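First comes the structure, then the notes that go with it.
The values are calculated or read from the model by the stated rules, or taken from the named source; none is laboratory data. The shown structure was predicted, so the numbers you read here are calculated from the model rather than taken from an experiment. All Cβ positions, even for glycine, are placed from backbone atoms using ideal geometry, and neighbour counts span all protein chains on display.
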Amino acid sequence: DVAELDERYEKSFTIGAAVETSQLEGKDGEMLKKHYNSLVAENIMKPINIQPEEGKFNFKEADKIVKFAKENDMDLRFHTLIWHSQVPEWFFLDKEGKKMVDETDPKQREKNKKLLLKRVETHVKTIVKRYKNDVDSWDVVNEVIDEYAPNDKGLRESPWYQITGTDYIAVAFETARRFAGKDAKLYINDYNTEVEPKRTHLYNLVKELLEQGVPIDGVGHQGHIQLGWPSLQETRDSINMFASLGLDNQITELDVSLYGWPPRPAFKSYEEIPDEVFQAQAERYDALFKLYEELDDKISNVTFWGITDNHTWLDDRAEEYNDGVGKDAPFVFDPYYNVKPAYWAIID
Ligand code: XIL
């Protein structure tokens with residue numbers, strides 16, 4: 001019988017896992033109850049699933065996750081109110097069904113901006129009102145920084161941005177605060193937050209928003225990392241940077257891929273992965289969790305983007321770049337629900 005992860009880190013931060021609703025039962029459900037005290041939906045709380053058509057909210061699947069968290073006394077992260085991906089097209093169409101980004105008339109553009117901001121408000125308000133007593137931490141916006149953006153602030157030029165500038169971010173946070181109350185914790189979430197130039201772009205944006213009075217409580221660092229990247233120093237510096245703004249930090253989507261980017265070549269099956277690789281992964285996990293513990297007054301939650309190696313979005317990527325066959329293994333539990341060297345590394 002192995003020690004529980006959440007218990008091990010009880011004094012430092014909560015330990016979460018991302019799940020599909022199908023994983024609330026069976027062996028996955030048992031793992032959740034044993035090792036984790038925080039939960040997040042891998043997909044079903046994203047805009048495309050929650051409001052697929054304007055005004056038609058679909059809370060059925062989301063409710064199952066909320067219920068599981070409540071029944072098992074787990075914290076709940078909401079992922080994610082606003083994102084450029086997995087978002088239905090209707091958000092960005094005007095009343096005539098025309099794409100707002102194509103509009104050139106200044107007057108109509110002004111109208112479109114108003115309409116989209118109203119939709120942001122309605123989306124956020126409806127969800128937050130429903131779940132305000134259930135959710136502890138909200139990813140209010142996700143991935144608004146893009147290091148390859150053509151502007152010098154690194155602002156992602158998604159339709160949200162093209163139509164409203166950065167107003168969609170302010171409106172999303174303000175609406176979330178208004179309906180969730182002062183105790184709700186509101187996060188701006190992103191990947192590659194450890195490295196330049198992205199972390200400075202994010203830092204500058206957050207600082208500016210805070211100065212404008214936008215209610216941001218913390219930064220979510222996705223933490224989709226690799227065996228040797230990013231460095232621990234970059235990770236430490238990033239956490240400290242955001243903490244210096246008075247913000248909380250959460251590690252929201254942790255997985256340690258065995259591959260670089262792109263993930264090529266990849267092992268074809270789990271059985272093919274050599275022990276040395278799992279050893280290297282254990283060392284990586286060891287160093288990482290030591291760092292998180294060192295910084296635990298600045299980090300309130302560490303969430304894995306899955307439970308065991310039998311279900312990880314990284315497999316889709318490994319497959320995509322390797323002619324349809326590739327297996328990643330980013331977690332501390334193997335596909336058969338056994339502990340890996342990485343588990344012992346973070347427990348001991
Ligand atoms: C991923 C899910 O894991 C996949 O199942 C889905 O097909 C695509 O989205 N950053 C995020 C997450 O913020 O929402 C993404 O989740 C992974 C990258």
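How do the helices (runs of 4 or more DSSP H) wholly within the range 130-212 filter down when requiring 1 or more residues that are modelled with pLDDT of 95 or more and in contact with an Asp or Glu (Cβ under 6 Å, 6 or more places away or on another chain): which remain?
167-180, 198-211
For the range 242-259, state whether one or more residues are assigned to a helix (DSSP H, G or I), exposed (fewer than 15 other Cβ atoms within 10 Å of the Cβ) and away from the ligand (no atom under 16 Å from the Cβ).
No, because not a single residue in the range 242-259 is assigned to a helix (DSSP H, G or I), exposed (fewer than 15 other Cβ atoms within 10 Å of the Cβ) and away from the ligand (no atom under 16 Å from the Cβ).
Note down all Cβ pairs under 6 Å where the first residue falls in the range 77-91 and is of a type in the set (D, E, K, R), the second is within 11 Å of the ligand (Cβ to nearest atom), and they're at least six residues apart or on different chains.
Note: pairs meeting the criteria are Arg77/Val40.
Being surrounded by 15 or more Cβ atoms within 10 Å (Cβ to Cβ), under 18 Å from Ala170 (Cβ atoms) and β-branched (Val, Ile, Thr) is the requirement here; does Val128 meet it?
Yes; evaluated as a whole, the condition is true for this residue.
Which residue out of Glu234, Glu271 is more than 23 Å from Ser137 (Cα to Cα), in contact (Cβ under 8 Å) with a residue 24 or more places away in the chain and of a type in the set (D, E, K, R)?
Criteria check complete, one pass: Glu234.
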